[in-house]
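See structure below.
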Amino acid sequence: MLVIADSSALIAIATCQVLESLGISEAEYIRQAIDLQMRQNSSSRRNLFAWEEERAYIEALIALGPVAGERTWTRENLYER
């Protein structure tokens, strides 16, 4: 029997199941949530330029496609950025 001590864990599990059934990745869900928040929050407008730069950077990386061999970074490197 699965016992969940935290209601947020239950929500996370349900959300993942819904995303899976819709064929949406967690990453896409997060991107959509960020885009929605950016549109709804007028104070975020001042950060719009920074987000657009970051999005262009991410899209450029995606356009490069998979890297041959093993990755050259670790998750910790991403937090240092």
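A short reminder: the numbers here are calculations on the coordinates, not readings from a lab. Everything numeric in this text was worked out from a predicted model, so none of it was measured. Here the Cβ is made from the backbone with ideal geometry for all residues, glycine too, and neighbour counts use every protein chain on show.
So the values come out like this:
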| read-out | value |
| --- | --- |
| Relative packing of peptides 67-80, 20-33 - highest average C-beta neighbours within 10 Å first | 20-33, 67-80 |
| Rounded, prolate or oblate (a/c below 1.5 giving rounded, otherwise prolate when a/b exceeds b/c) for the range 7-80 by Cα gyration tensor | oblate |
